[in-house]
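Below is one structure, written out as structure tokens, with a few remarks after it.
The values are calculated or read from the model by the stated rules, or taken from the named source; none is laboratory data. Source: prediction; values computed, not measured. Quick reminder, even Gly has a Cβ in these numbers, built from the backbone with ideal geometry, and neighbours come from all protein chains shown.
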Amino acid sequence: MSLYRTRVAGTGSYLPPDLITNKDLEKLVDTNDEWIRERTGISERHRALPNQATSDLAYEASLLAIKDANLEPKDIDCIIVGTVTGDYQTPSTSCVLQAKLGLNGIPAMDVGAACSGFIYILSMADAYIRMGMYKNILIVGAEVTTRFVNYKDRETCILFGDGAGAWVVSRTDTQAKDVVYSSHLRAEGSLGDLFIRPSGGSKRPFSQEVLDDNSYWFTMKGREIYKNAVRTMSATCQEALEFNKMNSSHIDWLVPHQANWRIMEAVANHFDFPKEKVISIVDQMGNTSAATIPVAFDFARKDGRIKRGQTILLTAFGAGLTAGSAVLQF
């Protein structure tokens, strides 16, 4: 039985200033602005500056989220980072972030669930808080994907950008209404080869051969990814709605993983969500993997769409294959 409940106390996001536009990509690969926008809805993506790593983006978003929660960094008692493009193989990006924030001693961990990473770490933080382990947990989705994308591969290079989004989730009373209601996670490892970075791990470490055959880039089977993204995001949304005895009319906003507008639209159509109830900023940032949901949420909050008291459904799909959803009242 839960001792406490979890509320979203503060949000923040950071997108680096450098841009990659569709016009820029036209110079690198056989594509054009109209083709990209029609198939993905993306117009531009942000790219980390040469001196910026994933932890740097995470740090900027974290400071904003902590301030928004009316807290100081010293009030944070746990850090969880979702990323597959960390600063190093080891130490974890969460430990690097912990040092930047001056929070030596508190637990810090990374979760590598790719584009579903933020749902996964929200679920973990919610469980920790419900059990009474921590009071204020900083959860961050942060990625620098552009350094692992082959700009000769039209399948992937048109999609990905860099960014970070952070939430502070805090302990509240079991009678509170503005809480995380539930989260629902799944994975299908048998389909893991649909999106993979084949080399750079223990199976095939970096070598001259790896550099020569370009197997250190992300590779994707786009049509299969599209089909499975729609299927699994719809399934986890359905699970979330049924678990909470809700239907689409109870949801003020759907905040899906910002991968591709056609995927988001297909999921919304499955539940008869009107387009105006779907938060999408994919045109402005592309796919930033684990960062997309917290960044999109923060943007929609700052522009006045998402307000306190509203009921929000989050959903994501990522490499692994992973997927997840969560329902909360903000």
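Which numbered condition in (1) in a loop (DSSP other than H, G, I, E, B); (2) crowded, with 17+ Cβ neighbours inside 10 Å is the only one that residue 133 fails?
All conditions pass for residue 133, except number (2).
Since residue 266 meets every condition but one in (1) under 14 Å from the mean Cα position of the chain (by Cα); (2) without any contact (Cβ under 8 Å) to a residue 40 or more places away in the chain, which condition does it not meet?
With respect to (1) under 14 Å from the mean Cα position of the chain (by Cα); (2) without any contact (Cβ under 8 Å) to a residue 40 or more places away in the chain, residue 266 is out only on (1).
Restricted to the stretch 218-244, and to residues that are under 22 Å from residue 197 (Cα atoms) and without any contact (Cβ under 8 Å) to a residue 24 or more places away in the chain, which residue is nearest to the chain's Cα centre (by Cα)?
Only one residue tops the list, namely 227.
Which of the residues that make up the stretch 270-311 are among the β-branched types (Val, Ile, Thr), crowded, with 21+ Cβ neighbours inside 10 Å and within 20 Å of residue 139 (Cα to Cα)?
Passing the criteria: 288, 292, 293, 295.
Taking interchain pairs and intrachain pairs at least six residues apart, which have beta carbon atoms under 8 angstrom, with the first residue in the stretch 52-76 and at positive phi and the second buried (at least 19 other Cβ atoms within 10 Å of the Cβ) and of a type in the set (Gly, Ala, Ser)?
These pairs meet every condition: 70/9; 70/10.
Give all pairs with beta carbons closer than 6 Å in which a residue from the stretch 88-100 that is assigned to a loop (DSSP other than H, G, I, E, B) meets a residue that is of a type in the set (D, E, K, R); count only pairs at least 6 apart in sequence or on separate chains.
Every condition considered, the pairs that remain are 92/110.
Might you let me know whether the stretch 74-89 holds any residue that is modelled with pLDDT under 95, among the polar types (S, T, N, Q) and over 21 Å from residue 292 (Cβ atoms)?
The answer is yes; a qualifying residue exists.
Which residue is surrounded by the fewest Cβ atoms within 10 Å (Cβ to Cβ), if the candidates are limited to the stretch 202-239 and must be over 16 Å from residue 84 (Cβ atoms) and of a type in the set (A, V, I, L, M)?
Filtering the stretch 202-239 for residues that are over 16 Å from residue 84 (Cβ atoms) and of a type in the set (A, V, I, L, M), the one surrounded by the fewest Cβ atoms within 10 Å (Cβ to Cβ) comes out as 211.
Based on what the data block shows, is residue 108 without any contact (Cβ under 8 Å) to a residue 40 or more places away in the chain, crowded, with 16+ Cβ neighbours inside 10 Å and in contact with a helix residue (DSSP H, G or I) (Cβ under 9 Å, 6 or more places away or on another chain)? Even if it seems obvious, please write down each step before you answer.
Numbers: without any contact (Cβ under 8 Å) to a residue 40 or more places away in the chain: yes; crowded, with 16+ Cβ neighbours inside 10 Å: yes; in contact with a helix residue (DSSP H, G or I) (Cβ under 9 Å, 6 or more places away or on another chain): yes.
When the stated conditions are applied, residue 108 passes them.
Kindly indicate which of 199, 182 is without any contact (Cβ under 8 Å) to a residue 60 or more places away in the chain and surrounded by 14 or more Cβ atoms within 10 Å (Cβ to Cβ).
The match here is 199.
Of the residues 192, 141, 200, which is under 22 Å from residue 218 (Cα atoms), not assigned by TED's automatic domain parsing to the domain that holds residue 125 and not in a loop (DSSP other than H, G, I, E, B)? So that I can check it myself, show each step before the final result.
Numbers: 141 fails: not assigned by TED's automatic domain parsing to the domain that holds residue 125; 200 fails: not in a loop (DSSP other than H, G, I, E, B).
Unique residue meeting the criteria: 192.
From 75, 162, 126, which residue is under 17 Å from the mean Cα position of the chain (by Cα), of a type outside the set (Gly, Ala, Ser), over 30 Å from residue 44 (Cα atoms) and not assigned by TED's automatic domain parsing to the domain that holds residue 236?
Sole residue among the options that is under 17 Å from the mean Cα position of the chain (by Cα), of a type outside the set (Gly, Ala, Ser), over 30 Å from residue 44 (Cα atoms) and not assigned by TED's automatic domain parsing to the domain that holds residue 236: 126.
Any idea which residue in the stretch 245-262 is farthest from residue 323 (Cα to Cα), counting only those that are touching a residue at least 40 places away in the same chain (Cβ under 8 Å) and under 16 Å from the mean Cα position of the chain (by Cα)?
261
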